[in-house]
1. Please give the charge dipole size of segment 17-84, origin at the Cα centre, charges +1 on K and R Cβ atoms and -1 on D and E Cβ atoms. Round to the nearest 20 debye.
2. With springs only between Cα atoms under 10 Å apart, run a GNM on the chain and tell me which of T85, T220, T366 wobbles the most.
3. Considering amide H positions built from the backbone, and no H for Pro or chain starts, which residues 5 or more places from C232, or on another chain, come under 5 Å of its amide H?
4. Under a no-solvent Debye model with one identical scatterer per Cα of the chain, what's log10 I(q)/I(0) at q = 0.11 Å⁻¹?
5. Of K125/K348; K125/K260; K44/K124; K335/K367; K269/K381; K201/K269, which sit over 25 Å apart, Cα to Cα?
6. A294 to A110: FRET efficiency via 1/(1 + (r/R0)^6), r the Cβ-Cβ distance, R0 56 Å, to the nearest 0.05?
7. Under 1.5 on a/c is rounded, so check that first for segment 259-381, then, if it is not, pick prolate when a/b is larger than b/c and oblate when it is not; a ≥ b ≥ c are the square roots of the alpha carbon gyration tensor eigenvalues.
8. With a cut-off of at most 16 other beta carbons within 10 Å, and DSSP calling the residue loop, which trypsin sites (Lys or Arg not before Pro) in segment 58-139 qualify? Please list them.
Amino acid sequence: MLAVHFGAGNIGRGFIGQMLFASGYEICFIDVNQHVIDDINSLKQYYIEIVGDVPKHLFIKNISAQNSNDKIAVIDKILHADIITTALGPNILKYIAPVIAAGLSKRIAAQTPPINIIACENMKKGSSVLKGLVCKYLSAKECLVLPQYAGFPDAAVDRIVPLQKNNEKLLVQTEEFFEWDVDETTVVGIKPPVKGITYVKNLQAYIERKLFAVNAAHATIAYLGYAKGINCINQALEDDIIKNTVKTLLNEAGVLLNRKYKFNLEEYKTYARTVLNRFSSKYISDDVIRVGRAPIRKLAADDRLVSPAIQLSEDNCIADGYATAIAAALCFDYKEDTEAQILQADIKNNGVADALFKYTTIKADTKLGKNILKKYHKLKK
């Protein structure tokens, strides 16, 4: 079996590559970094180190690489592939769409068995977005028959890869935890037999679990850590006030997810403890400024902090942890971050109440709005 994977970076090699290799696939990485491509083709193997007090080492082989600029070679790989995956960043999908379309055009002409294309990106409906981009380069007739030849099941992925400082070529250090949920309702043909994939009927439930618990907790630690002058995520969680706030937020997320999707609360509590343990690890620590960047995006009404807070409030449920996180995000004033400076300028010129509504849609005179503003002023003292 041949897997064509776009993106030979740390996530591509340290997560998706691991799962594909464990499932018996030959892997062809597609990338633009010629140094990495040359290393893959010369070494024909690499190591993954699962970090911890006693590190684990995994040996990945049966690999090759192609430069994405070599269109003919990439199209041929797509023609003969059994699965296509990506892990290269949401903004890069538009650049690989033309060559994927050309490969699918060849598959349609050859009447090959159907293939599934899974975008493993940190974005909503990544595979669906990729499908839309691909269809721009196919004829109307090809788009009509495309569902017979290719599925684009959306996915939710989660694994932390720490900052890499490796001398050994291609080595990737990563945490042991991973999650790879795929929407089984849009798979075409046989489900790809990939170890590590959990096929689910309601992917939105798992997307929101990650967004409202993992991503929200990560942002909360970052913003509260920044406010206290703490540099690293794991160090911030050593602060009792920050840790208790994150625990409160995770409990609130559990209430919301149980109400919406009937997630088992005991299973969720285990999941929440895992989230805390992951961010407490000294081996996968991250910089609070990097995690806190782009506060306007993170304060959007449909994003990790505001969406669950609003939903809980509308159900007359407590959203105190989320309120603290939103208040802390409004305080994020890192001078090298463009969004932070735009946000702070709005607060200075128009007041925090107006900024709260502008960026979150939360009105200052609501119970939630009043709570956020109270916490904001307390943090600013």
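1. Details: 5 positive and 9 negative charges, 21 e Å.
With Lys and Arg at +1 and Asp and Glu at -1, about 100 debye.
2. T366
3. Hits under the 5 Å cutoff: V288.
4. -0.84
5. Numbers: K125/K348 36 Å; K125/K260 20 Å; K44/K124 33 Å; K335/K367 31 Å; K269/K381 34 Å; K201/K269 22 Å.
Those over the limit are K125/K348; K44/K124; K335/K367; K269/K381.
6. Details: r = 43 Å, r/R0 = 0.78.
After rounding, the FRET efficiency stands at 0.80.
7. Oblate.
8. On the way: sites: K61, K71, K77, K94, K106, R107, K124, K125, K131, K136; in loops: K124, K125, K136.
Filter output for segment 58-139: K124, K136.
The values are calculated or read from the model by the stated rules, or taken from the named source; none is laboratory data. The structure displayed is predicted, hence computed values, not measured ones. All Cβ positions, glycine included, derive from the backbone under ideal geometry; neighbour counts span all protein chains shown. What goes into the accessible areas is simple: the full protein's heavy atoms, side chains included, and nothing from ligands, DNA or RNA. Shrake-Rupley method; radii C 1.70, N 1.55, O 1.52, S 1.80 Å.
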